[in-house]
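The values are calculated or read from the model by the stated rules, or taken from the named source; none is laboratory data. Values in this document were obtained by computation on a predicted structure and should not be read as measured data. All Cβ positions, even for glycine, are placed from backbone atoms using ideal geometry, and neighbour counts span all protein chains on display. Ligands, DNA and RNA are excluded from the accessible area calculation, which covers all protein heavy atoms including side chains. Shrake-Rupley method; radii C 1.70, N 1.55, O 1.52, S 1.80 Å.
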Amino acid sequence: MVMSGPFGHGEHLVRVAGLLAAGLLFFLLARAVLVPSDFGVYGHYRASALADNRARPLVHAGRAACAPCHAERAAELAKGKHAGVGCESCHGALAAHAADAKAHKARKPDGRALCLTCHRFNVARPASFSQVDPREHAPEGACTDCHAAHDPGP
Amino acid sequence: MEQLLSRVDGYMYPNEVELQWSVLIVLYPFITGLVAGAFILASLERVFKVDAVKPTYRLALLTALAFLLVAPLPLQLHLGHPERSAQMYFTPHSSSAMAMFGFVYLWYLMGVLLLEIWLEYRPEFVAFAKATPGWRGRVYRVLTLGSYDVSPEALHIDDRVGWALTVIGIPSAFLLHGYVGFIFGSIKANPWWSTPLMPIVFLFSAIVSGIALVLLMYVVTCWLRQQRTDMRCLDTTARYLLYAFLIDFSLEMLDLLHRVYEADESFKTLDFMVQTRLYTSQMVVQIGLGTVAPLALLALTQIVGMSERARRNSYVVAALLTLVGIFAMRWNVVIGGQLFSKSFLGYTTYKMAFATREGLLATVLLLLTPFGILWGLVRLLPPWAEAPAPERPPALPAAS
Amino acid sequence: MTADRRQFLRETGKLLLLTGAAGLAFDHVIAGQPESAPGYDATRHWWGMLIDVEKCIGCGRCVAACKEENGVSPEPFYFRTWVERYHVRGDDLEHPVVDSPHGGKDGFPERYRTGEGKTFFVPKMCNHCADSPCVQVCPVGATFHAPDGVVLVDKKYCIGCRYCVQACPYGCRYIDPALHVVDKCDLCYHRIAQGLTTACCEVCPTGARQLVDLKDPEDPIHEYLRTHKVHVLKPHMATKPKAFYNGLDGSVR
């Protein structure tokens, strides 16, 4: 049957075009619904991703959090060679302890193993850094027997 | 993973030890390559009027469609969150080759391939819609989109539009697979991938693999239908395979020569990788079995006089070896690019699992699926006119 | 209509339009306001890191602290930061011997003797490049530059394609094995927004790692950059890294 409609013999192509247009419309509708509303505010990303990245709870408290309760220790530390060492370098993560000291007790680290983590001789360490060979320098006993942990002396 | 650590040679950045892209990402360029290649072969007939390959025209289009439909599957299986993959279409990052490729794929599928196949088969749809009973008849009626005009004028319009689509389709096919090459070639962090030659090498190897596949499909389907193969068609297809292969081989050799000569920072580490961890897949499979052997065989058929049967068998063997070789090429690019450290100081290994989401079993199944789809397509859209289909009209008669 | 009335209508129309537009824009801005750090203005900071190779002792406290602070998988394949040990023999800068046992988290077993060559530690991390290839290749906008120069990952939007992992020249990204999205150093964004320093800097005993704010005129980094020879990793990649290294040897990759 010959078509005598407005598009004549190209009518089937118009149907295809219509189908594609419908597809495009569906795509645009889906996009309008599914793309988060804050996408693209600051750049090509969801603006609330900034907040998401900031929403993590603290695990380390930071050395400023220790001084208010442990003022003497802080003062002792500030005098000596360990002044630049953060409390949590040795005592581990303490945000829980800073929030509730009774519920979460801080640990006293081992008086030898921890010290050697930094001070055991390793040729890759800067020569100016205080290092010892634990086989010769006090092979037995805790380092804290002679060196106060917070103000370790010479 | 602990096993992987123990098989690291030298130094790798800790996060590099496990490969990021698995064999599924090898499959993906292989499949899209077959699509682009099959389409370009089909376009030879339509646009460049190479009549000899006409018997493969419809088969090539259907093959391209079957593989194009499967192409996104390895990607979906690989993604950490496939349910979010629509985000690539809703909020594509314009600087990302991967995002832009999603639209190239969509354009090629909807705007080029499906439309061209629909126009090609419209006379059949209309005829079958009227004649076929039951659910199959319903399918055909839907496929006609409600239009039953197969007058000479309408078919002439189809022919012109189809021609125009093929003309647009050739650069689209180039874009489809060249883009995949660009996805790798634009990564400056990876010296094995980063070269401007990458899109071109990918494209030509795609053409080679696509022609090889259609050649094989043609021989196999003729055998299944117990029909004689049109030797003129087969000879011409094989000749095009040879030409494309020569170009592809030259391009890859150019890349290699360039690297060897310039010998930049990455060269020693890549060279060592090729000579050790990548030796079998690169030297033996890709270059030996997959390139030199089929090239020699194809060249032989052109130089030496051979019987029909001998030529046909040579073509089949050459095509099979070619497909293996092109798969190996994708493997060497994707996996090879991750076996060495970006510190240029070490190597890792790739452990392909079997029954996992990204394992060998999934790969094999994904490779078989297009053939299943093709089988269905051939049933629904017969590439061979058992009854003569309405011939395309030569030219519209002058209006009177 | 008299000219005055026309003028009045025009001006009122403009005012209404602008107010409406401003209102919409304001809503958008408020929508993006991070509730969890109300006092933090991202546009007043431009974060970077200063790493002093001459001071690093390879104790690995930073690696351990980072894993704890950010919930990184304890396995030795996923690191937001790690420490490498370089051993350079003689004048062969092209073939250093490098190792990083478990990222350096538990320190480095002694392997070399004095006088055998040059040995030192190099901490590595995301360089928060100003021109990062990782952001460039992300197909959906799941990794991005925050207004304060930190390169962040939107874990709710990432599809896990791993393209950014391939694009990073420094190897600092990995896939979170539990969430199947990309993860990497985020400069402890939750800490710096509250005025704290990063976990790695907090626990570094020698001050080899220091957070720097390039937009803060009081930050010692400005003076430091004037008085020291600093390097960045892989400058030929032109990614504009913001992790500055003092004392970086030519053998470092």
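Quick notes on this structure:
- Segment A:26-118: Cα Rg divided by the 2.2 N^0.38 Å rule of thumb: 1.81
- Whole-angstrom Cα spans of segment B:77-234 along principal axes, big to small: 59, 43, 32
- Summed residue charge, Cβ within 15 Å of B:Y218's Cβ, Lys/Arg positive, Asp/Glu negative: +4
- Per-peptide average of other Cβ atoms within 10 Å, ordering B:118-130, C:197-209, C:213-225 highest first: C:197-209, B:118-130, C:213-225
- Most mobile listed residue (C:R113, C:R44, C:R85) in chain C, GNM with C-alpha springs under 10 Å: C:R113
- Between helix A:11-34 and chain A: long-axis angle, C-alpha atoms, 0 to 90°, nearest 10: 30 degrees
- Nearest 10 degrees, 0 to 90: helix C:61-70 Cα axis against chain C principal axis: 40 degrees
- Average beta-carbon neighbours from other chains, 10 Å sphere, peptide C:194-200: 4
- A prolate overall shape is assigned to segment B:1-139, the ratio a/c of its alpha-carbon gyration tensor axes (a ≥ b ≥ c) being 1.5 or greater and a/b exceeding b/c.
- Averaged over peptide A:12-25, the number of partner chain Cβ atoms lying within 10 Å of each residue's Cβ comes to 3.
- Per residue value of the accessible surface for segment A:1-104 (all protein chains in place, 1.4 Å probe), Å²: 59 Å²
- When you filter the chymotrypsin sites (Phe, Trp or Tyr not before Pro) in segment B:1-68 for DSSP loop state and at most 16 other Cβ atoms inside 10 Å of their Cβ, you are left with B:F48.
- The GluC sites (Glu not before Pro) found in segment C:51-84 include none that occupy coil by DSSP while having at most 10 further C-beta atoms within 10 Å.
- Summing Cβ point charges (Lys, Arg +1; Asp, Glu -1) relative to the Cα centre of the protein assembly as shown gives a dipole of roughly 1160 debye.
- Rounded if a/c under 1.5, otherwise prolate or oblate - segment C:32-145, Cα gyration tensor axes: prolate
- If you bin all the Cα-Cα distances of chain B at 10 Å, starting from zero, the percentages per bin are 4, 21, 30, 24, 13, 5, 2, 0, 0.
- Between the residues C:A199, C:C188, C:C168, the greatest Cα displacement towards the positive end of the dipole of segment C:89-242, with unit charges on the Cβ of Lys, Arg, Asp and Glu, is found for C:C168.
- Averaging the sequence gap over all C-alpha pairs within less than 8 Å and six or more residues apart, then dividing by the number of residues, gives segment A:73-142 a relative contact order of 20 percent.
- Relative contact order (%) - chain A, alpha-carbon pairs under 8 angstrom, separation at least six: 18 percent
- DSSP-defined beta bridges in the protein assembly as shown - what % are antiparallel, rounded to 5: 85 percent
- 1.4 Å probe, heavy atoms, protein only - residues of segment B:4-20 losing at least 50 Å² accessible area vs chain alone: B:Y11, B:Y13, B:P14, B:N15, B:Q20
- Net charge over other residues, Cβ less than 15 angstrom from the Cβ of C:L152 (K, R count +1; D, E count -1): +3
- The number of Lys pairs in chain B with C-alpha atoms less than 22 Å apart, excluding pairs fewer than 8 positions apart on the same chain, is 4.
- Selected from B:R228, B:R357, B:R160 as most flexible by GNM, with chain B as the system and alpha-carbon contacts under 10 Å: B:R228
- Ligands, DNA and RNA left out, the 1.4 Å accessible surface of segment A:29-154 is 59% carbon and sulfur atoms.
- Angle of helix B:198-224 to the longest C-alpha principal axis of chain B, folded into 0 to 90 degrees and rounded to 10: 50°.
- Dipole magnitude of chain A about its Cα centre (Cβ charges: Lys, Arg +1; Asp, Glu -1), debye to nearest 20: 120 debye
- Other residues lying with their Cβ under 11 Å from the Cβ of C:M237 contribute a combined charge of +3, Lys and Arg counting +1, Asp and Glu -1.
- D_trans [Stokes-Einstein, Kirkwood Rh over alpha-carbon pairs] for segment C:166-253, 20 °C, 1.002 mPa s, µm² s⁻¹: 140 µm²/s
- ³J(HN,Hα), Karplus 6.51/-1.76/1.60, whole Hz, each residue of segment A:95-101, x for Gly, Pro: 4, 5, 5, 5, 6, 8, 5
- Projected label distance in nm at B:V142 and A:K81, using a 7 Å step from Cα toward the beta-carbon: 8.2 nm
- For chain B, built as a Gaussian network whose Cα springs stay under 10 Å, the top-fluctuating residue of B:P82, B:P196, B:P74: B:P82
- Applying the criteria of a DSSP loop state and at most 11 other Cβ atoms within 10 Å to the trypsin sites (Lys or Arg not before Pro) of segment A:110-154 yields A:R135.
- Sequence-distant contacts, meaning Cα pairs under 8 Å at least 6 residues apart, place the relative contact order of chain B at 29 percent.
- Among A:G23, B:L19, B:F344 - extreme Cα towards positive end, dipole of the protein assembly as shown, charges at beta-carbon: A:G23
- In plain terms, the C-alpha convex hull of the protein assembly as shown casts an average shadow of 50.1 nm² when viewed from every direction.
- Among B:M98, B:L65, B:L113 the positive-end extreme of the charge dipole of segment B:45-164 (Cβ point charges): B:L65
- Rounded, prolate or oblate (a/c below 1.5 giving rounded, otherwise prolate when a/b exceeds b/c) for segment C:207-253 by Cα gyration tensor: prolate
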